[in-house]
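See below for the structure under consideration.
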Amino acid sequence: MSPEAHQVREASGLVHLTARELAAKIRTRELSAREVVQAHLDRIEQVNGPVNAVVTCVAERALDEARTADEATAHGAPLGPLHGLPVAHKDTHDTRGIRTTYGTPLLADNVPDRDELIVERIRAAGAITIGKTNVPEFAAGSHTVNPVFGATRNPYDLSRSAGGSSGGAAAALACGMHPVADGSDMGGSLRNPASFCNVVGLRPSPGRVPSWPDTAPWSTMAVQGPMARNVADAALLLSVVAGPDPRSPIALETPGSAFGGPLERDLRGLRIAWSPDLGGAAPVDREVRDVLAPAVTVFSALGCAVEEACPDLSGADEVFRTFRAWQFHLALGALLESSADRMKPSLVRNVRQGSTLTGIDLERATVLHGELFHRMREFFERYDALVLPTSQVPPFPVELEYPGDVDGVPMADYLDWMRSAYLVSATGSPALSVPAGFTPGGLPVGLQIVGPHRGDLRVLQIGHAFEQATRHGERGPGVPR
């Protein structure tokens with residue numbers, strides 16, 4: 001093999017190392033930040049075209065930052081936990097000096113003058129911004145397609161959806177375009193694309209990852225969080241983006257460092273509730289059920305006591321839909337007045353729904369939300385975790401806006417097929433999607449692990465143990481490797 005061919009092979013191999021491995025090699029100078037960034041930029045050039053995950057790339061700026069990072073390493077400067085690692089940020093997360101479109105023609109030329117908090121923290125930890133990842137318009141819905149950049153395709157089957165709204169991030173991770181990614185989740189936007197793309201996505205407890213700026217800083221329905229190709233790397237990113245901040249009124253005081261250590265835990269004796277369809281509230285495709293059925297055996301082999309059980313989720317649907325519509329109208333109502341004809345119809349309908357809400361509607365949702373919290377609190381006195389399908393369907397054809405039915409049950413709108421994720425959102429519980437296997441056609445399926453109020457570390461530990469026992473996340477996509 002020629003030296004040039006050897007270098008190409010080695011550079012290609014870099015993009016499949018874990019974030020922790022890359023960070024360690026940069027820290028010990030076994031690799032330079034410039035080598036790592038260049039390898040990932042080459043990977044984007046190689047495979048992004050058909051997948052369409054990274055929609056804005058700032059290669060020159062990234063290489064300049066990599067050179068600066070290598071100088072810091074050479075001079076013995078203090079290094080952050082993500083020092084030299086390339087990251088592409090979700091295109092709804094504002095990035096200073098880099099186009100941030102929110103997937104809408106209304107903001108196609110928008111260039112923010114500051115980083116929002118999650119980006120600020122990732123960069124302060126030493127990460128290097130290489131670009132932005134694709135989203136649905138204003139992050140509405142769990143299928144990543146918009147009028148500015150088009151659709152992100154699933155790297156395991158280019159005819160299928162990558163999920164959303166963090167679909168670009170998930171697809172880019174699966175392809176090796178970056179080792180970790182930031183995302184956000186209201187109704188499943190970190191979890192559904194993780195399930196569709198065979199990666200890991202964590203919806204943290206509200207306040208675990210503080211958000212700023214935020215039009216609804218007291219709201220607990222929308223959160224930001226980490227994605228990665230394995231649970232340990234997701235925890236690494238969480239350790240950077242979590243922790244208190246005076247700009248967020250609901251920020252939790254636990255420092256991010258609490259999530260940076262080893263995740264190994266003996267699961268013997270844990271009580272696991274298995275709910276294949278949330279007690280009938282979320283119909284599930286037969287292929288998804290079949291893929292996830294062995295998970296019960298896996299947890300039993302790990303020493304857990306597993307039984308089929310489901311919390312009482314009465315009112316969760318109303319809670320989620322009411323607060324989602326209210327928050328969408330709060331954020332987009334003014335735009336709707338002038339630009340409804342330039343926004344996707346399903347989004348317009350949802351924003352308009354928010355305009356019809358009354359004080360009594362919000363009062364009722366608030367009471368239901370409180371009652372739901374206490375029922376979940378009591379449920380987690382009996383069980384240590386709840387496990388269920390992340391998504392009710394495997395990745396669906398990319399041309400669809402959403403599945404018209406699930407297991408023969410018609411879906412009323414573009415939210416209905418996401419009930420397994422958004423009903424969990426309404427509870428406020430942390431929830432992790434971890435790779436759990438493949439359909440006979442080779443499409444990924446994720447398992448959702450839900451923990452008690454603020455039990456983020458527990459779900460990471462359980463997810464890590466499941467991941468180590470099954471190794472489903474190690475099966476890469478069909479794009480060139």
Filter segment 111-142 for residues that are modelled with pLDDT of 95 or more and in contact with a Phe, Trp or Tyr (Cβ under 6 Å, 6 or more places away or on another chain); which is surrounded by the most Cβ atoms within 10 Å (Cβ to Cβ)?
Asn134
Considering only segment 148-181, state which residues are open to solvent by less than 10 Å² (accessible area, probe 1.4 Å), assigned to a strand (DSSP E or B) and in contact with a His (Cβ under 9 Å, 6 or more places away or on another chain).
Ser161, Ala181
Taking into account only those residues within segment 377-398 that are more than 17 Å from Tyr414 (Cα to Cα) and open to solvent by less than 10 Å² (accessible area, probe 1.4 Å), which is nearest to the chain's Cα centre (by Cα)?
Pro389
Selection count, segment 291-333, where residues are closer than 30 Å to Thr215 by Cα and within 24 Å of the chain's Cα centre (by Cα)
18
The listed residue being touching a Phe, Trp or Tyr at 6+ places or on another chain (Cβ under 7 Å), touching a residue at least 24 places away in the same chain (Cβ under 8 Å) and over 21 Å from Val450 (Cβ atoms), out of Pro249, Pro210, Pro244
Pro249
Filter segment 182-210 down to residues that are part of a loop (DSSP other than H, G, I, E, B) and hydrophobic (A, V, I, L, M, F, W, C) and give me whichever is farthest from Gly428 (Cα to Cα).
Val199
For a quick check of your reading of the model, give me the residue pairs whose first member lies in segment 189-206 and is over 12 Å from Val450 (Cα atoms) and of a type outside the set (Ser, Thr, Tyr), whose second is open to solvent by less than 10 Å² (accessible area, probe 1.4 Å) and modelled with pLDDT under 95, with beta-carbon atoms closer than 6 Å and at least 6 apart or on different chains.
none
Listed residues Ala431, Ala469, Ala426; which is in contact with a strand residue (DSSP E or B) (Cβ under 7 Å, 6 or more places away or on another chain) and of a type in the set (A, V, I, L, M)?
Ala431
Limited to segment 211-226, what total is found for residues that are farther than 15 Å from His369 by Cα and either out of contact with any Leu (no Cβ under 6 Å at 6 or more places or on another chain) or among the small types (Gly, Ala, Ser) (or both)?
8
Take Ala301 and tell me if it is of a type in the set (Gly, Ala, Ser), farther than 19 Å from Arg454 by Cα and at pLDDT 95 or above.
yes
Can you name the residue in segment 224-253 that is within 23 Å of Val87 (Cα to Cα) and charged (D, E, K, R) and, of all such residues, is surrounded by the fewest Cβ atoms within 10 Å (Cβ to Cβ)?
Asp245
Which condition breaks for Met343 when tested against (1) closer than 25 Å to Val424 by Cα; (2) open to solvent by less than 60 Å² (accessible area, probe 1.4 Å); (3) out of contact with any helix residue (DSSP H, G or I) (no Cβ under 6 Å at 6 or more places or on another chain)?
(1)
Out of the residues in segment 352-376 meeting the condition of being closer than 30 Å to Ala340 by Cα and aliphatic (A, V, I, L, M), tell me which one is least open to solvent (accessible area, probe 1.4 Å).
Ala365
Can you tell me how many residues within segment 310-340 are open to solvent by less than 20 Å² (accessible area, probe 1.4 Å) and not in a helix (DSSP H, G or I)?
1
Being without any contact (Cβ under 8 Å) to a residue 24 or more places away in the chain and in a helix (DSSP H, G or I) is the filter; apply it to segment 435-477 and report the residue that is surrounded by the fewest Cβ atoms within 10 Å (Cβ to Cβ).
Glu474
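Output the number of residues of segment 316-340 satisfying the condition of being closer than 13 Å to Leu362 by Cα and of a type outside the set (Asp, Glu).
9
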(1) assigned to a helix (DSSP H, G or I); (2) of a type outside the set (A, V, I, L, M); (3) within 19 Å of Leu302 (Cβ to Cβ) all hold for Tyr422 apart from (3)
Note down all Cβ pairs under 7 Å where the first residue falls in segment 92-110 and is in contact (Cβ under 8 Å) with a residue 60 or more places away in the chain and surrounded by fewer than 21 Cβ atoms within 10 Å (Cβ to Cβ), the second is of a type in the set (A, V, I, L, M) and part of a loop (DSSP other than H, G, I, E, B), and they're at least six residues apart or on different chains.
Pro105/Val148
Condition met for Ser184 (under 11 Å from the mean Cα position of the chain (by Cα), open to solvent by less than 10 Å² (accessible area, probe 1.4 Å) and of a type in the set (Ser, Thr, Tyr)):
no
Determine whether Trp218 is modelled with pLDDT of 95 or more, open to solvent by 10 Å² or more (accessible area, probe 1.4 Å), touching a Pro at 6+ places or on another chain (Cβ under 7 Å) and not basic (Lys, Arg).
yes
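The values are calculated or read from the model by the stated rules, or taken from the named source; none is laboratory data. The structure displayed is predicted, hence computed values, not measured ones. Heads up, the Cβs are rebuilt from the backbone with ideal geometry, glycines too, and the neighbour counts pull from every protein chain shown. SASA here: full protein model, heavy atoms, side chains in, ligands and nucleic acids out. Shrake-Rupley method; radii C 1.70, N 1.55, O 1.52, S 1.80 Å.
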